[in-house]
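Asks: Just passing along the structure, written as structure tokens.
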Amino acid sequence: MTTMLMPQKQDERRAAERPAPRIPDSAWQAIASRDAGRDGQFVYGVRTTHIYCRPSCPSRQPRREHVEMFAGPALAEHAGYRACKRCDPGMDTTPDRGVALVQRACAYMDAHLDDALPLATVARAAHGSPAHLQRTFKRVLGISPRAYVAAKREERLRGALRTGQPVSRAVFGAGYGSARPVYDAAAAPLGMTPATYRKGGVGATIRYTIVDAPLGHLLVAATERGICCVQLGGGASVLEANLRSEFPAAQLQREPGPPRSWVAAIQGSLSGKRAADVAALPLDVRATAFQRRVWDALRRIPLGETRTYADIARELGSPRGARAVARACATNPVAIVVPCHRVIRAGGAPSGYRWGLERKKALLAAEGAARPGGKRHS
């Protein structure tokens, strides 16, 4: 006998059965770190509760496979989600009309990545002039519209390659007019060729080690070109799982690991020592142009000193780009080597840290004590 389901139950069953869309790593990191800087840029829905939240919501963190990402509250509610009562994601948090302009431009570019996107076309769709959009976009996000499109296409390319799509199909499906710019820029966005990345790093050799450190276990991983991952944590198995999730098909070798001098330098820096050695370590990380600029600025912060997000934004020529700087810090894959722990809030208090606020405070205290005079200067 066939059991008839009510329309509401049928909708719920279909929602539970449909495949969970992949959440970009940057968005998931914002959710995991409760990054208030990403509020207003997207909301996320939890499929098991039918509730949507801001990235900074203080509620219990959901499992990644249960999460859907939406550009705004209206889209989440159209999909059947209701607003969280703790973080009130439906409340307007747009600080100025410039953010609304940038949101319209981003929505248009997201929907037309397969097309050519000259600035004049995007500005017309967002109801602004090209010059005003260019200035406002850089002020709000810290990057240009052109860099935003490049980052989105790279993100789409990575997602397609990870599903096993042929390289040519993934390249053109991501919105590139030809394969040449992808291969010319492969070392920056992918850290390896598209064919290698498509298979989760297959063919790539990543050597890593996990050692005891003053602030818990320390994982250091490197390719033949340089360090690609540094993690801190209390559990070695968790750190290793994080590395495998990023490169599921890469050849991971724990022994022999990265050069011992590299590991020793990072290990020593946790106690405020060997800062010069760490600053000289080679890196092999995937990043957008803006992320690289932020990370380079962080590496220039002297031992024992701190900067605010606004300080870094001003240094990069984007005085209103503090939020973009915060996002770049949150996506830093090489803790300590890129010292994002040296960035604090405008009031002087340490802000959130992917590896725990207590670790951040301990790092700053150790570096302050190691500085001549024994005091930390900001």
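The values are calculated or read from the model by the stated rules, or taken from the named source; none is laboratory data. The model shown is predicted, which means the values in this text are computed figures rather than measured ones. Please note: Cβ atoms are built from the backbone with ideal geometry, for glycine as well, and neighbour counts cover all protein chains shown. Each accessible area value is taken on the protein alone, full model and side chains, heavy atoms only, with ligands, DNA and RNA left out. Shrake-Rupley method; radii C 1.70, N 1.55, O 1.52, S 1.80 Å.
Asks: Report ³J(HN,Hα) in whole Hz for each residue of the range 345-362, in order, from the Karplus equation J = 6.51 cos²θ - 1.76 cosθ + 1.60 where θ = phi - 60°; Gly and Pro get x.
Replies: 6, 4, x, x, 8, x, 9, x, 9, 4, 9, x, 5, 5, 5, 4, 4, 5
Asks: Work out from phi, with θ = phi - 60° and the Karplus expression 6.51 cos²θ - 1.76 cosθ + 1.60, the ³J(HN,Hα) of each residue of the range 221-230, listed in order in whole Hz, and give x for Gly and Pro.
Replies: So the J values, rounded to whole Hz, are 10, 8, 8, 5, 8, x, 6, 10, 7, 9.
Asks: Name the GluC sites (Glu not before Pro) in the range 224-297 that are in a loop by DSSP and that have at most 12 other C-beta atoms within 10 Å, would you?
Replies: Values: sites: GLU224, GLU240, GLU246; in loops: GLU224.
Those that pass, being in a loop and sparsely packed, are GLU224.
Asks: Measuring with a 1.4 Å probe in the full set of protein chains, what accessible area per residue, in whole Å², belongs to the range 244-304?
Replies: 50
Asks: Okay, next question. Mind giving me the FRET efficiency for ARG60 and ALA346? R0 is 25 Å, r the Cβ-Cβ distance, nearest 0.05 is fine.
Replies: Calculated transfer efficiency: 0.30.
Asks: Here's a follow-up. Would you mind checking which residues have amide H under 5 Å from CYS229's amide H? H placed 1.01 Å from N; only 5 or more apart, or other chain.
Replies: The list, which skips near neighbours in sequence, is ALA221.
Asks: Of all the Cα-Cα pairs you can form in the range 109-152, what percent are over 17 Å apart?
Replies: Working: 224 of 946 pairs.
For the range 109-152, the fraction of Cα-Cα distances above 17 Å is 24 percent.
Asks: At a 10 angstrom cut-off on C-beta neighbours, averaged per residue, how do the peptides 331-339, 315-323, 32-40 rank from highest to lowest?
Replies: Numbers: 331-339: 24.6, 315-323: 18.1, 32-40: 19.7.
Ranking, from highest mean packing down: 331-339, 32-40, 315-323.
Asks: I would also like to ask the following. Return the sequence-ordered ³J(HN,Hα) values of the range 271-281 in whole Hz as given by the Karplus equation 6.51 cos²θ - 1.76 cosθ + 1.60 applied to θ = phi - 60°, using x for Gly and Pro.
Replies: 3J(HN,Hα) across the range 271-281, in whole Hz: 9, x, 10, 6, 4, 5, 5, 5, 4, 8, 5.
Asks: With a point put 7 Å past each Cα toward its Cβ, work out how far ALA107 is from ALA236 in nm, to one decimal.
Replies: Reported label-point gap for ALA107 and ALA236 is 5.1 nm.
Asks: What FRET efficiency do you get for GLU224 and ALA32 if R0 is 41 Å and r is their Cβ-Cβ distance, rounded to the nearest 0.05?
Replies: My answer for the efficiency is 0.85.
Asks: What residues have an amide H closer than 5 Å to that of GLN253, excluding those fewer than 5 places away on the same chain, when H is modeled at 1.01 Å from N in the peptide plane?
Replies: ILE206, ARG207, TYR208
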